Each structure stands twice: as structure tokens, then as C-alpha cells.
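See structure below.
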Protein chains: 2
Amino acid sequence: MTKDDIAGFFAVRADLNLDDYIELDFSFECAGDPHEAAAHLASEQSTAQWRRVGVDEDFRPRFAAKVLDLRAEPRPSGFSIPVECAVRGEVHACRATIAHPHGNFGPRLPNLLSAVLGEGVFFAPGIPLIRLEDIRFPASYLAAFEGPQFGLNGLRERLKAFDRPIFFGVIKPNIGLPPEPFAELGYQSWLGGLDIAKDDEMLADIPWCPLKARAAALGAARRRAEQETGEPKIYLANITDEVDRLIELHDVAVEAGANALLVNAMPVGLSGVRMLRRHAEVPLIAHFPFIAAFSRLAGYGVHSRVFTRLQRLAGFDAVIMPGFGPRMMTPEHEVVACIHACLEPMGPIKPCLPVPGGSDSAATLEGVFHKIGSTDFGFVPGRGVFGHPMGPRGGAASIRQAWQAIARGIPVEAHATANPELKAALEAFGKRG
Amino acid sequence: MTKDDIAGFFAVRADLNLDDYIELDFSFECAGDPHEAAAHLASEQSTAQWRRVGVDEDFRPRFAAKVLDLRAEPRPSGFSIPVECAVRGEVHACRATIAHPHGNFGPRLPNLLSAVLGEGVFFAPGIPLIRLEDIRFPASYLAAFEGPQFGLNGLRERLKAFDRPIFFGVIKPNIGLPPEPFAELGYQSWLGGLDIAKDDEMLADIPWCPLKARAAALGAARRRAEQETGEPKIYLANITDEVDRLIELHDVAVEAGANALLVNAMPVGLSGVRMLRRHAEVPLIAHFPFIAAFSRLAGYGVHSRVFTRLQRLAGFDAVIMPGFGPRMMTPEHEVVACIHACLEPMGPIKPCLPVPGGSDSAATLEGVFHKIGSTDFGFVPGRGVFGHPMGPRGGAASIRQAWQAIARGIPVEAHATANPELKAALEAFGKRG
């Protein structure tokens, strides 16, 4: 690129109608001139060739992505991650903000993904390592999306659960049980105090535990539990399947008795979720398979908060995400960023419930609550409820007992002396930092 | 895990009915005992809790994934990539093959992805770094998929192009042109010798160049080019969009004159592609946005050949993929592995056409042909045709002239003396290694 070419891909905010642009924060490591690398990054994701041969024209003013901000620091030690085919040259670690004109692709999730995480981003000359750190949308773009139908407040209304976390549990054994004994586990967990008993993300519509029969068994168990406890309960059925079955499985599951639906967001595809959202009569809850494949590393891929935002945009009412603690290998600041991405203002798009999960139990609830600093979260043990020594009813009770202690400002361990389920949980699952 | 627990997740092939299992090759780096890490890897992706509390049962024999093979070498220098939340302990670099029972999820792409690239794989205790290197399916599993409708041979038949590569070109400027001048560029490239003129992966159904009008203009131009050259031509229209528009856009584009369709595989989702495949009347061609986000690094994520196999399984007739040369930052062995994944036997699933691309031109064709070692590939320049100094007709001619030389065993540079388009291409785009 010539100096003039490079200059055509830089701009200042004051020169742009910001309603027309999505803003993207990238971190990247480049070999060679950081300004040229940033210009390539903008060019390749938009007007890679901005004029016809022999025609005096320039598509950049309207269609080019523009670099708004660039900071570069030398990395004398070279690239932070080995890349077999990295270019050679002096390495810089850079942060760049790019304004990408959304009129190039419109309010469609696949086209958005193609623009901000496509060939242009990952194959920009000179940039072998890059991570999309964050994404910001103008309200005019967001207005074309439906977003969550119920959202955080709608879920609270359905459960009549205010001023406390929402208590989920993953029914375990996760794989192998037929509908009736599986439903019995859910029933026991509701009696013990869970709001939402859920299918594991691996358990879908499968011959040895068909969705219809499972939803019927769990639906009946749920209604019994609601009568016995006097509290609304949710059976969260996993309808993850081929996209052309989603609508059918929604109808099958809801008619049989499921009153919320789990979808593995990335395996199904965010666009399939958006389609389902337009049809859905019940809350949609996201699970996170596959996302770690591109979000674990600080130096490459995509920050997971970007996908939290996209899941909210696609219409999920709650997003289950890797939570705190060493088991989930996710830095605390990243979990917190994803929680904020669910809750913070997003134009006309409703907040959704963040559900940070991973090896939780009555022993971890207090730590999670303090790290989040509010009650606006879902708590989703698996073995912490269903592997509890006293069974799922005792496991669920232990969670509610831990919450009683926290809500009353009593030390959880002290509360355990009078609450055998909590005591057993603390003994079985230990105290986590 | 106890020693007995660990042993329950190891098996030998002779003890398994291999028709019931998908085989997964992983490389990973773990802290602590590699055997326990491998057992966790198998457990977490299948029967994470294999019995109910108080019930004498074991779901592992039928439902557990099993480690078939494990090799571990110490890495005294620690993990090869920094991971903020990596566990501590002695590090080993490992290779493991795992047999995963597909009866846990069935022949559904989202459920397959959830199993082999889900929470169980990326959050196995002790394993912060892992890469799915390859995947093998039993024929009984493959038989439930449609695969490519036309495939490599069907594409050749449609184009009457045998014993040579298929010549694609990405119409450029990629973004900003309205239908008529865009069609004129395609027309010129067909006259010059392209088989397939295609939309850029970023150009979809957009108000300033609506798919219907574009397909009509390109369709008419295509038919004129077919009459003038006496050769079949393809206009490859990009219908990447929300999944609930794919069928409609297929019909709109095909009726208007597109005779093959481009879909950005990962942004749309493989399951959306499979849905489209069941409806499609024309070949479906994959483009690769997003895949690099999880496949670039040797030490983490997914080897891109896995996604090549999955794109073929989903029903693509051709797969555009990052090709040779420094621009695409993809090791040669990886490009070759992806090409083989298109062509090698895959039970009842037809071969598809591999299209390795990236900054190609008449100057790179010979190198690409020699690296592949056969004519079974597509060649897909962008600027190499549409940025050619003599315009797209000259650009396309330069590609065909380069192929004439290669096919006749003449040095390409020698052939250029009598062929001005080829000469201009070599001068403009240089000779690449």
C-alpha cells in the first residue's frame, strides 16, 4: 500500500456518521509497520479492491472500514504465540479501534460475523495474531433485532423470584437415563428448592430418552412440584438439533410440558437461534459448547464477551457461560465482562440473565455472589445438586440454605450446624476460594 | 478420580463395536498425570456423572467415551502458549485417540459439534491447551448424511471441464458496485476464460446491490458468455444470510440466473447448510470466514481439516479454503490435509472440489498445481483477474494461458512472450514461490 492508500483507511469520529458504523476493538501483533497493518485490517474486511481497472472511482468513503485509533508498542521478544507461517519483521503489539460500515452487510448475524470475524480480519497482511476484544453497535443497528423476548425481568416474573439469584441445576447422570427416572431426579430437585431443572447440554432428542417423552415426564413432575411447593418451576429442555427441527422440537417440548428451552448457541448457529426466537413461546437459554475453541487465549481469537453480546442480540433470555473457579479456566475479569455484557444497556435490546457455571455447589455460592456483587445471576450446579450425598432434594436444599445464610448475613458454615443438607454439601464439595 | 474410575475410561479397539464410535485425535498439554487427564477428557465429553446417588449402576460401558491410545512426553519448559488460568503441575504434551459413542447424540451436526468440541473437551480438568486434530466416522454414521449433491464429478460435468483445474474468480471491487457494472465484470471474465465468476463472501443481499437484481444481471451475462464461448459458465451467487432466508434466497437467485450458491459455512452454521442442501437445485460452495479464529494455532483449537470434513458432510460441493503462499498464513501441510479431506474416501459421501485460495494469479498457478499434484482443484484469484492491468477479460485469459503452458510442459514465462495477458500478469503480480 502507498502512503495515500493507507491514509484512506484512517478517520476520526467527528468525520463519520457514527450511526452508520459498528465499532470493533482489536488487539493484534504485527510484523512491519503497524499503520500499514491497521490499514490492511480495515481494507481486507471491507473494500479490498476499491476501484475498477481503468475507472476513476473510489469506494472507500462510503464502504471502507476505518481505523479510528491505533496504539503500538514494540515487542522485541517477537510474537507471543508461535505461528508456523508468521511473517518476519519487527513485531509490535497493537490495539486498534475500527469503525466498520454496517451498510456493507445489514442487520443479519451471518453477514455480521463474516465481516467482523472473517477473512479480512484473520488474513490481514502482516497480522498473524489478532483478537476481537469487543464490539459496539449503534442503536439504529440494534433496532433491527428482536433480542430477548422475556429477558432478565421476564424470567423473574415467571418464577416470582426477585431479589435473589435464580437457582438452576443440571440433572445428572447427564447421559443414559430414560425419561421416568430422569424426571424423578428433576422432581426431587424442585422439591428441594431449585427454580429450574435442566437437561445437560449433551442430552438432546435421542432414541433412549426421546424429547417428547422426557418433556412429558418432566412436565408432569414439574406441575406436581409446583403444587406441592406453591412456587413456579421451570423444566429447561434441551432442543439442540438441526436447525430445520428447532421449530418442531420447540412445539413438541412446550406442548409436552417444558417451559423453557436450552440451545447450544454456536453448534446450532446464532442465526438458527434468531429464527427460533421469532417463534418461541417460552424463554430461550444458551449453553456454551465450542466458544472456548476461539476465546480461551488472550493473544488470539475472540474475547468471549463478544459472543455474550451476540447471544443476547440473537434473542437468548439467559446465557450460561464458563464461570468462576479454576475448573473453568476463565479469568475472573473475563467472567465479569461477560456478566456485564448480559446486563448493561444495549439500546432497545433487553437485558438477559447471566448464568456463570462450573463445578458449583452450596460451597461456592457465597464466593460467586460476592464476585458478581448483585443478585442478578443464575447459579447452575450439576453434581453439587445431583451428586449430593443426600440426593438431589438434599442437594437443592443445601443451595437454598446457603443462600439463606448469605441473605441474612450469617456465615455459611455457621448456618450449616442446624442444616444437615448444607453441612453435607460443605463436607462433600469443600470450600472453594 | 480413583484408579478404578480412570480405568473405566480406557479401552482397546478389540473390545468395542467400532461402528458405534466416532474416533477423535486430540493433541493436548496437561498439568499432572496424563492418564487422569485423558480419563477426564473422555468422561467430561460423555458420562460426566455415571451413576445416581444411592443406585448401583454404571452408564460407562454403553455411554462413555473411551481413550484408545495415549502418548505423553514431558515438557519441562511448561505450556507452549500462555494461559492465564492454567493449572499448575508437571506439564506433558500428549496425543490421544478417543472413541466417542455417537449413540449419545445421533447424526445431527449441532449435537456432534457439542460432543466433540464442547464443554467436555475444552474444560477437562488439567487440560488448558487442547486441539482436535482429526475426526473419523464409521460408514454407518455417515450413511445418515446426504453429503454433496453434485460433488467434484458433478461440477465437472456441469462445466464440461475435465482433466484441468476449475477456474474461479472473485468479482472485484468486491463491495460497492450496483448490479449492472458488476455483471459486466463477470461477463468479461467469462469471455476471458473463467468457468465460475463469484460474489465476494462479504457481498450478500444488500439494498445497494440486491441479490435478485444482481443474479438477474449476472444470469443474463452468463448466458451471453455461454453463447459466445460455447462453454458452460457458472455465476456463483452469495446467499449468506439468516438461516430462515436461505431457502427463499436460493429460489430467488436460481430463478434469476445464478447456477451455484455461495454460503459462508461457519457464520451461517453447518446445520443451516445441511437444511439448504436438502432443498438445493444447484451446487453449494463454502467460504471460510471465522474458521481461522479457532484453527490457526498448532497448539490450541481445531485443525482446519476437521472443518473441511464437516463442510463436506454438511453437503457442500466445493470448499473454498485458505491456500498456499505467505498471504494465507497456513502451513503447506495443512492446506494439503484439507485438500485430501475433500477428496479421500468418506463412506457414501461424495468427494467435493477443494478450492485453496489467497492472492492467486497466473503467476501462482504452476506452484499451486505442483503442490497439489493433480488437477482436482479449483483456482480462485480475485485481484489476479479483476485487478489485472488489462481488465478482467485479460486477467482471466492470463490464467488460461498459464494453464496452457503448464499442460503442455512449457515454462510459463516462455509462454508469456507470445501471450500479452500472461506477460502482463507476471509483471503485475510477480512470481511467487
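The values are calculated or read from the model by the stated rules, or taken from the named source; none is laboratory data. This one's a predicted model, so the numbers in the text were calculated from it and none came from an experiment. No Cβ is skipped: glycine too gets one built from the backbone with ideal geometry, and neighbour counts run over all protein chains shown.
Quick check on my filter: what residues within the range B:186-210 are within 24 Å of A:Val121 (Cβ to Cβ) and either in contact with a strand residue (DSSP E or B) (Cβ under 6 Å, 6 or more places away or on another chain) or of a type in the set (A, V, I, L, M, F, W, C) (or both)?
Selection gives B:Lys198, B:Asp199, B:Asp200, B:Glu201, B:Met202, B:Leu203, B:Ala204, B:Ile206, B:Trp208, B:Cys209.
Of the conditions (1) farther than 18 Å from A:Gly193 by Cα; (2) within 10 Å of chain B (Cβ to nearest Cβ), A:Gly395 satisfies every one except a single condition; which number is it?
The failed condition is (1).
All but one of (1) within 21 Å of the chain's Cα centre (by Cα); (2) more than 25 Å from A:Asn104 (Cβ to Cβ); (3) within 14 Å of chain A (Cβ to nearest Cβ) hold for B:Gly169; state the number of the condition that does not hold.
Unmet condition: (2).
Somewhere in the range B:163-176, is a residue surrounded by fewer than 21 Cβ atoms within 10 Å (Cβ to Cβ), under 23 Å from B:Pro289 (Cβ atoms) and free of Cβ contacts under 8 Å to residues at least 40 places away in the same chain?
No; the residues of the range B:163-176 include none that is surrounded by fewer than 21 Cβ atoms within 10 Å (Cβ to Cβ), under 23 Å from B:Pro289 (Cβ atoms) and free of Cβ contacts under 8 Å to residues at least 40 places away in the same chain.
Can you give me the number of residues within the range B:251-271 that are closer than 24 Å to A:Glu119 by Cα and out of contact with any strand residue (DSSP E or B) (no Cβ under 8 Å at 6 or more places or on another chain)?
Residues meeting the conditions: 6.
Criterion first (more than 14 Å from chain B (Cβ to nearest Cβ) and free of Cβ contacts under 8 Å to residues at least 60 places away in the same chain) does A:Glu157 satisfy it?
Yes: the conditions hold for A:Glu157.
Among the residues of the range B:177-220, which ones are buried (at least 24 other Cβ atoms within 10 Å of the Cβ) and among the small types (Gly, Ala, Ser)?
Within the range B:177-220, B:Ala183, B:Gly186, B:Ser189, B:Gly192, B:Ala197, B:Ala204, B:Ala215 qualify.
A:Phe9 - would you say it is under 25 Å from A:Ala86 (Cβ atoms) and either touching a Leu at 6+ places or on another chain (Cβ under 6 Å) or not assigned by TED's automatic domain parsing to the domain that holds A:Arg305 (or both)?
Answer is yes for this residue.
For the range A:278-377, which fully contained helices (runs of 4 or more DSSP H) count at least 2 residues that are closer than 23 Å to A:Ser189 by Cβ and away from chain B (no Cβ under 14 Å)?
Correct list: A:365-372.
Enumerate the pairs (first residue in the range B:408-420 and over 16 Å from B:Gly367 (Cβ atoms) and in the same structural domain as B:Gly394 (by TED's automatic domain parsing); second residue anywhere and of a type in the set (S, T, N, Q) and outside any loop (DSSP other than H, G, I, E, B)) with beta-carbon separation below 6 Å, excluding pairs fewer than 6 apart on the same chain, so at least 6 apart or on different chains.
Partner pairs satisfying both residue conditions: B:Asn419/B:Gln401.
Among what's in the range A:336-353 and is without any contact (Cβ under 8 Å) to a residue 40 or more places away in the chain and not charged (D, E, K, R), pick the residue that is surrounded by the fewest Cβ atoms within 10 Å (Cβ to Cβ).
A:Pro345
Could you tell me which residue of the range A:320-335 is nearest to the chain's Cα centre (by Cα), considering only residues that are closer than 29 Å to A:Ala280 by Cα and without any contact (Cβ under 8 Å) to a residue 40 or more places away in the chain?
A:Met321
So is A:Gly367 out of contact with any helix residue (DSSP H, G or I) (no Cβ under 8 Å at 6 or more places or on another chain) and assigned by TED's automatic domain parsing to the domain that holds A:Leu194 or not?
yes
Have a look at B:Val282, B:Val263 and point out the one that is out of contact with any Pro (no Cβ under 8 Å at 6 or more places or on another chain), crowded, with 24+ Cβ neighbours inside 10 Å, assigned by TED's automatic domain parsing to the domain that holds B:Leu203 and among the aliphatic types (A, V, I, L, M).
B:Val263
Could you list all residues from the range A:282-319 that are closer than 19 Å to B:Leu117 by Cα, among the small types (Gly, Ala, Ser) and touching a residue at least 60 places away in the same chain (Cβ under 8 Å)?
If the condition is that a residue be closer than 19 Å to B:Leu117 by Cα, among the small types (Gly, Ala, Ser) and touching a residue at least 60 places away in the same chain (Cβ under 8 Å), then A:Gly301 is the only one that fits.
Where the second residue is among the acidic types (Asp, Glu) and the first is closer than 17 Å to B:Leu262 by Cα and lies in the range B:177-200, which pairs have Cβ atoms under 9 Å and are six or more apart or on separate chains?
B:Phe182/B:Asp199; B:Asp195/B:Glu231
Quick one: in the range B:257-276, of everything that is touching a helix residue (DSSP H, G or I) at 6+ places or on another chain (Cβ under 7 Å) and more than 7 Å from chain A (Cβ to nearest Cβ), which residue is farthest from A:Val243 (Cα to Cα)?
B:Gly257
With the requirement that a residue be surrounded by fewer than 24 Cβ atoms within 10 Å (Cβ to Cβ) and hydroxyl-bearing (Ser, Thr, Tyr), what does the range A:89-116 give you?
Residue satisfying the conditions is A:Thr97 alone.
Does A:Pro392 meet the test of being part of a strand (DSSP E or B), assigned by TED's automatic domain parsing to the domain that holds A:Glu184, crowded, with 21+ Cβ neighbours inside 10 Å and in contact with a Leu (Cβ under 8 Å, 6 or more places away or on another chain)?
Considered against the rule, which asks whether it is part of a strand (DSSP E or B), assigned by TED's automatic domain parsing to the domain that holds A:Glu184, crowded, with 21+ Cβ neighbours inside 10 Å and in contact with a Leu (Cβ under 8 Å, 6 or more places away or on another chain), A:Pro392 comes out as no.
One residue is enough: does the range A:133-141 have a residue meeting the conditions surrounded by 24 or more Cβ atoms within 10 Å (Cβ to Cβ), over 27 Å from A:Ala72 (Cα atoms), of a type in the set (A, V, I, L, M) and modelled with pLDDT of 95 or more?
no
In the range B:241-259, what residues are within 22 Å of B:Phe167 (Cα to Cα) and crowded, with 24+ Cβ neighbours inside 10 Å?
B:Ala253, B:Ala258, listed by residue number.
Would a scan of the range A:72-86 turn up a residue that is more than 9 Å from chain B (Cβ to nearest Cβ), surrounded by 16 or more Cβ atoms within 10 Å (Cβ to Cβ) and in contact (Cβ under 8 Å) with a residue 60 or more places away in the chain?
Taking every residue of the range A:72-86 in turn, none turns out to be more than 9 Å from chain B (Cβ to nearest Cβ), surrounded by 16 or more Cβ atoms within 10 Å (Cβ to Cβ) and in contact (Cβ under 8 Å) with a residue 60 or more places away in the chain.
Limited to the range A:377-407, what total is found for residues that are among the charged types (D, E, K, R) and farther than 29 Å from A:Ala337 by Cα?
Selection size over the range A:377-407: 1.
Of the residues that make up the range B:100-119, is at least one more than 21 Å from A:Asp205 (Cβ to Cβ), of a type outside the set (D, E, K, R) and more than 10 Å from chain A (Cβ to nearest Cβ)?
Looking for residues that are more than 21 Å from A:Asp205 (Cβ to Cβ), of a type outside the set (D, E, K, R) and more than 10 Å from chain A (Cβ to nearest Cβ), one finds none in the range B:100-119, hence no.
Are any residues in the range B:44-61 more than 7 Å from chain A (Cβ to nearest Cβ) and touching a residue at least 40 places away in the same chain (Cβ under 8 Å), and if so, which ones?
B:Glu44, B:Gln45, B:Asp58, B:Arg60
Condition first: in the same structural domain as B:Ile98 (by TED's automatic domain parsing) and outside any loop (DSSP other than H, G, I, E, B). Can you find one or more residues in the range B:43-55 that meet it?
yes
Quick one: which of B:Gly147, B:Gly103 is within 30 Å of the chain's Cα centre (by Cα), closer than 25 Å to A:Ala286 by Cα and at pLDDT 95 or above?
The conditions single out B:Gly103.
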